[in-house]
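A.B. asks: My questions all concern the structure below.
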Amino acid sequence: MFYKILGWMSIVVATLVLAPSVVPGAMSMLASYIALLALISSIITIKSGDVFYFKITAIISAIGIFIVNDGLRLYGSLPRIPLLYKLSVYGVFIIICALAGLYAKKRIGVMKN
């Protein structure tokens, strides 16, 4: 039951963070950090053997970071945001998703045996 509540809370937080992602300035940067925290918290739900919550949170966070966020979006982002900052946030997102994918593969493999 704990994992379901945590999973749905991660999904809701990742969805609600899409709104401040459009606001220029510090709100969009704060929204990107909160989206990454929601993604990290959804990793805990993998322990239940279900990757549904992580996948949905990862998709919503990816949309928020790569498409919606005005400072980080791939096309048409704010010009004053340094490229190094953008690449570091992209890298953190990709590393979190890759490590969580490996953890899920290992955890589900253990549960099947």
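A.B. asks: Go through segment 3-19 and give me each residue that's within 21 Å of S77 (Cβ to Cβ) and either touching a strand residue (DSSP E or B) at 6+ places or on another chain (Cβ under 7 Å) or surrounded by 18 or more Cβ atoms within 10 Å (Cβ to Cβ) (or both).
C.D. replies: Across segment 3-19, the qualifying residues are A14, V17.
A.B. asks: Another question, then. Can you tell me which residue within segment 84-98, out of those that are modelled with pLDDT of 90 or more and either of a type in the set (G, A, S) or more than 13 Å from the chain's Cα centre (by Cα) (or both), is surrounded by the fewest Cβ atoms within 10 Å (Cβ to Cβ)?
C.D. replies: Looking at residues that are modelled with pLDDT of 90 or more and either of a type in the set (G, A, S) or more than 13 Å from the chain's Cα centre (by Cα) (or both), I get L84.
A.B. asks: Go through (1) touching a residue at least 40 places away in the same chain (Cβ under 8 Å); (2) within 22 Å of V23 (Cα to Cα); (3) over 14 Å from the mean Cα position of the chain (by Cα) for N69 and report which single condition fails.
C.D. replies: (3)
A.B. asks: Kindly establish whether L99 is in a helix (DSSP H, G or I) and in contact with a Pro (Cβ under 9 Å, 6 or more places away or on another chain).
C.D. replies: Considered against the rule, which asks whether it is in a helix (DSSP H, G or I) and in contact with a Pro (Cβ under 9 Å, 6 or more places away or on another chain), L99 comes out as no.
For every residue, the table says whether it meets (1) within 19 Å of G25 (Cβ to Cβ); (2) touching a helix residue (DSSP H, G or I) at 6+ places or on another chain (Cβ under 8 Å).
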residue	(1), (2)
L36	yes, yes
I44	no, yes
D70	yes, yes
G109	no, no
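A.B. asks: Another one. When segment 17-75 is examined, which residues are found to be of a type outside the set (A, V, I, L, M, F, W, C), outside any loop (DSSP other than H, G, I, E, B) and under 18 Å from I96 (Cβ atoms)?
C.D. replies: If the condition is that a residue be of a type outside the set (A, V, I, L, M, F, W, C), outside any loop (DSSP other than H, G, I, E, B) and under 18 Å from I96 (Cβ atoms), then S32, Y33, S41, S42, T45, K47, Y53, K55, T57, S61, G64 are the ones that fit.
A.B. asks: Oh, and also: What tally of residues in segment 30-59 results from selecting those that are buried (at least 20 other Cβ atoms within 10 Å of the Cβ) and either under 25 Å from L78 (Cβ atoms) or touching a strand residue (DSSP E or B) at 6+ places or on another chain (Cβ under 7 Å) (or both)?
C.D. replies: Final tally of qualifying residues: 6.
The values are calculated or read from the model by the stated rules, or taken from the named source; none is laboratory data. Everything quoted here is computed from the prediction, not taken from an experiment. Don't worry about glycine lacking a Cβ; one is built from the backbone with ideal geometry, like all the others, and counts go over all protein chains shown.
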